[in-house]
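Below is a structure I'd like to ask you about.
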Amino acid sequence: MKLTLKACGRAVLTACINAGLALALMLLVEFAISGSLHLADPYLYAGLLIWVVVFTGQMFRQYRLCHCQRAQQQ
């Protein structure tokens, strides 16, 4: 249970950072193209989709790494 929570925490942190950076990049491009910072709904949906994809991938990766670390300690 402790390993699952550790993996989940790391996955959430990584997903939030990546989604935030992607959202910032989308807003920067929007400002460069139109000259205004308009946060449209598609940007929010894209940020959420990026968060879900990154979280899923990182959850499996971190969970596997935690189990490998536990197996090496035993």
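The values are calculated or read from the model by the stated rules, or taken from the named source; none is laboratory data. Predicted, not measured: the structure shown is a model, and the values here were computed from it. Positions of Cβ are backbone-derived with ideal geometry, glycine not excepted, and every protein chain shown enters the neighbour counts.
With the structure loaded, tell me whether Leu5 is closer than 24 Å to His67 by Cα and out of contact with any helix residue (DSSP H, G or I) (no Cβ under 9 Å at 6 or more places or on another chain) or whether it fails that test.
Yes, satisfied.
If you don't mind, another one. Has region 4-15 got at least one residue that is surrounded by fewer than 11 Cβ atoms within 10 Å (Cβ to Cβ), modelled with pLDDT of 85 or more, under 20 Å from the mean Cα position of the chain (by Cα) and at negative phi?
No, that holds for no residue.
Could you tell me how many of the residues in region 50-74 are among the aliphatic types (A, V, I, L, M) and exposed (fewer than 13 other Cβ atoms within 10 Å of the Cβ)?
So the answer is 2.
Kindly list, by first and then second residue, each pair from a residue in region 1-24 that is more than 13 Å from Phe55 (Cα to Cα) to a residue that is assigned to a helix (DSSP H, G or I) and at pLDDT 90 or above, limited to pairs with Cβ atoms under 7 Å and residues at least 6 apart or on different chains.
Note: pairs meeting the criteria are Ala22/Ile50.
For residues in region 43-74 being in a helix (DSSP H, G or I) and of a type in the set (S, T, N, Q), which is nearest to Ala11 (Cα to Cα)?
Here the answer is Gln58.
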